[in-house]
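The structure appears right after this line, and notes come after that.
The values are calculated or read from the model by the stated rules, or taken from the named source; none is laboratory data. Keep in mind that what you see is a predicted model, and the values were worked out from it rather than measured. Every residue, glycine among them, receives a Cβ derived from its backbone with ideal geometry; neighbour counts consider all protein chains shown. These accessible areas exclude ligands, DNA and RNA; they are computed on the full protein's heavy atoms, side chains included. Shrake-Rupley method; radii C 1.70, N 1.55, O 1.52, S 1.80 Å.
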Amino acid sequence: MSGYLSGLIGILGINIIFAYSIYVTAATGQLNLGGAGFQAIGAYSCAVLSEMFGLSIPFLLLLSTIIGATVGFLIAFPILRTRGVYMVLATFAFAEIVAGVILNSDSLGGPTGLVLSDYIETDVIIWSTIGVVVFCFYLMSTRIGLAMRAVHDDEAVADLLGVNRRAVQVGAFAIGGALAGLSGGLYALYFGFVEAQYFNAFLSIFVLLYVLIGGTQTAWGALIGASFFTLVPELLRMGDDWRFFIFGVIIVVMMIWRPEGMVTRQAIDRITLKLFPVVRRHG
Amino acid sequence: MVFTQQLVNGLMLGSIYISVAVAFTLTIGILNFLNFTIPALYMLAGMVGWSVSYYGLPFGLSEPLGWAPSLLVGITCSVLASLLVERFTYRYFKIKHGDSTEHAIPLVSSLGFLLIFEYAILGAHGSETRGFHTPFTDLNWRFADLVISIPQVTSLILSLCIVVGLSFMLKKTRIGRALRATAESPDTATLMGVEVRKIVPIVFVLTGLLCGLAGSIFAVNYSEVSPYMGDHVGTKAIAAMVIGGLGSVWGAIAGGLIVGISETFSIHFFGASSAQITVWGLLLVLLIFRPNGLFGHNAIGKGKF
Amino acid sequence: MADPILQISSVSKNFGGVVVLEDVSFVVEAGARHALIGPNGAGKTTMFNVISGVYQQNAGDVLFAGQNINDIPSRKRIALGMARSFQNIRLMPHLSVTENVMLGQHSQAGILDLLKPIMVMPRAHDKERAVELLDSFGLEAFQGRSVSELPYGVRKKIEVVRALMANPRLLLLDEPAAGLNVAETATLHDFLVEVAERGVTLLLVEHDMPFVNKLCETVTVMNFGRRIYDGPVSGLREDKNVLEAYLGADA
């Protein structure tokens, strides 16, 4: 594999995992505009643990995931007191605080960042990505996934039908935190370097847009959204600035033309019916 | 004395945030729409202003202009850009989905426009900070040890005048009453004979105007502009809006000043990058424990996405 | 005489200073078809919300099958055997008909059921039960369809089927006949009779009096948050309070 191609696959995998972390909360109807904060926590945990304790790679990734999950779980309780625009702003504030803390801590390298001596090859990212994608598809196909979508549509009715909406929402934040932590750990190990400026407000905005443009109705949305916005600009070989300009245009056009996102449930049903016309679908 | 000086600096910084915070709070109060293009509109005024004063009008229409007409062109650009956003986010969705405020669509669209404006400028002018020259650099008043810059005082007064004028307009004029009726309930407003469709663009014109003026004031005050100038002010203005309470014009003023003061104090006592933690920490605590802010209306912004 | 499945005793509810329910008591016998009627603003829907736990009453008790359920949260009441429909149909708009119906079963799923990938298993038990129930009411044609594209009357029935998935003993129906035309009302009547014949007690809030007359045996009438009549449907016409509430004091 050429360096360019493996680099592209590496960042693609990281973006996909990151997008799923936001997707899981979006699927329950919560918009998280603080993705960068969660990812930064994973990346810095990985970097610090690697330097301080010299743990093995699987352990580092596991711990990044667990730390991400714990933070997601804990932050869910205050965040879930807010609704609508307030939640968008609260998650955004959370990410800004994380970045602020990192910039102010000398032990975390402050603005200069941290260098890691451990590193991973692209195959670790590939397998992690496959694992996360399979997990998310599985999750959304269970009754838990059904309950998550029910909470997204109508919290009050889901509650009356016996769905523990609090558990679903907190659980979604914890899973989201775990996946963001994992993507952060992979990022740190793959690039061998973390700096606070990378985990900025625009990163949070981009990853939320991957998911919303991809579509939150099915687990395909995050995969398609993240892949599309990572690969298409590469294929077009545009300069960085014009790439994001086009990204903006695509978003505005998509919101007019297809506000539910690229992949909708109906589209999936239609494709499935075409591929397997014999199987009578109940779902 | 250090304390007083920091207080003065904080008030000056806050005065820039006020206009932008008011722009945020107006759109969210009247349309229930968190308009993320606002930082870009602010930046557009400064960058377009710089570009006209450096290159002149496009297509060789003129020689480089003076600072005042340049900024006027910049403000016009902000207003036009704001109307463009209205055309492609708000107006469109109102027609197609009924009550667009129920959806995250306008918010996502406005993020799209934020990228469009910001990266169009970056693509055209690069990311460097540009000097913006005005005749009034280094105009300071000195009282004992206290240093007060005259452009900053002017901008504080100007910001306050704009906001006071605006709140007068909201209270007393026909358009103001129509705007407030729309904020209460678009449907009732329609029944009462308010043409909501004609009112909405007014909000966007005001947004463009406020951001354009704030961007110009910044350019004059600090004698420099950059494509990133909106990000910093935008996030701080959001914080100011939340602290003051969504939808409250006077709250935005108080919030802007609080953010400005807490920022300068925290920079002074804890170092440059601590302001981020102070301001956003304050904001997060407030969001969680007092989500209506200091002066907010409790019905705004609760709608589910 | 059958045991009461639902006992409302001296329930009061106020919002701020506004008294919405004042000392209301009535009893629904197991297997009954009971209606709760009254003019607009009488507090019928509030009563439903108290019964299903959306609101907590300020005073009084709600007993379900002899058990006091005051302190049981709304989420756990469906597992006791109490399911409800809503005044404006509240099916999940992004879930298909089958998925909506399957959701009705949520309260009965154990931990292992939660972890089964039922949406992709072609022969998942949960899904088959939902389809069977839809079939048994002649709704099989709508299984995989999106909820938003179905006619109003069909959506009303699907909401009831969703509630039935929880195997309820008591079904609370909030204005089931509202917004239906004559033909749809007739099919809804037959549908609810069939539901009742499966052993489900019906308690409905309804404005359509001919519909109530035909379907229900007993009725509670409320006005301004108070109970003004409780008894057989046949007794309504002679009751002075009821006539006064509906036709004004001069009647």
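Of A:84, A:225, A:171, the residue with the greatest mean-square motion in the GNM of chain A, using alpha carbon springs below 10 Å, is A:84.
Quick check on the protein assembly as shown: of the DSSP beta bridges with both residues there, what percent are antiparallel, nearest 5%?
65
Charge dipole of chain B (Cα centre as origin; +1 on each Lys and Arg Cβ, -1 on each Asp and Glu Cβ, all else neutral): 940 debye, rounded to the nearest 20.
Considering only B:187, B:231, B:145, give the residue with the highest GNM mean-square fluctuation for chain B, with springs between Cα atoms whenever their separation is below 10 Å. Sorting by GNM fluctuation, first place goes to B:145. The simple Förster model, with R0 at 60 Å and r as the Cβ-Cβ distance, assigns residue A:257 and residue C:241 a FRET efficiency of 0.50. Between residue B:191 and residue A:107, the FRET efficiency from the beta-carbon distance, with R0 = 41 Å, is close to 0.10. In plain terms, if you count all Cα to Cα distances in segment C:91-167 and split them into 5 Å steps from zero, the share in each step is 3, 17, 30, 26, 16, 7, 2, 0 percent. Each label was represented as a point 7 Å from its Cα along the Cα-to-Cβ direction; for residue A:52 and residue A:77 these points are 2.3 nm apart.
Note on chain B: the C-alpha convex hull projects to 16.5 nm² when averaged across all orientations. When the Cα centres of segment B:132-183 and segment C:114-148 are compared, how far apart do they sit, in Å? Each part reduced to its Cα centre gives a spacing of 63 Å. Normalised by 2.2 N^0.38 Å, where N is the number of residues, the alpha-carbon radius of gyration of the protein assembly as shown equals 1.06. Within 10 Å of the Cβ of each residue in A:255-266, the mean number of Cβ atoms contributed by other protein chains is 4. Computed over segment B:135-251, the quotient of the alpha carbon radius of gyration and 2.2 N^0.38 Å is 1.33.
From the alpha carbon centroid of segment A:150-185 to that of segment A:29-67 is 21 Å.
How large is the helix-only mean residue ellipticity at 222 nm for the protein assembly as shown, computed as the sum of -39500 (n - 2.57) over DSSP H runs with n ≥ 4, divided by its residue count, in deg cm²/dmol to the nearest 500?
It comes out at -20000 deg cm²/dmol, rounded to the nearest 500.
Computed in the context of the full set of protein chains, the accessible area of the protein assembly as shown at 1.4 Å probe radius has 63% of its extent on carbon or sulfur.
In whole angstrom, chain C maps to an equivalent ellipsoid with semi-axes of 32, 21, 16, each derived as √(5λ) from the alpha carbon gyration tensor and ordered largest first. Between residue A:242 and residue C:181, the C-beta separation translates, for a Förster distance of 35 Å, into a calculated FRET efficiency of about 0.05. When chain C is treated as a Gaussian network with alpha carbon springs shorter than 10 Å, the biggest mean-square fluctuation among C:56, C:67, C:105 belongs to C:67.
Residue by residue along A:99-111, Cβ atoms of other protein chains within 10 Å of the local Cβ number 3 on average. Among the listed pairs C:127/C:156; C:44/C:156; C:157/C:240; C:13/C:240; A:274/C:157, those with a Cα-Cα distance over 24 Å are C:157/C:240; C:13/C:240; A:274/C:157.
From the alpha carbon gyration tensor of segment A:3-200, can you work out the equivalent ellipsoid semi-axes (sqrt of 5 times each eigenvalue) and give them in Å, largest to smallest?
Calculated on Cα positions only, the semi-axes equal 30, 19, 13 Å.
Per-residue accessible area (protein heavy atoms, 1.4 Å probe) orders A:234, C:197, B:224 as C:197, B:224, A:234, starting from the largest. Peptide A:76-88 is shielded by partner chain Cβ atoms: per residue, an average of 6 of them sit within 10 Å of its Cβ. The C-alpha atoms of segment A:192-268 occupy a region whose extents along the principal axes are 42, 23, 21 Å, arranged from largest to smallest.
Between residue B:160 and residue C:197, the modelled labels are 8.0 nm apart [label points 7 Å from Cα along Cα→Cβ]. Using a 1.4 Å probe over protein heavy atoms, the accessible area lost on pairing B with A, summed over both chains, comes to approximately 4200 Å².
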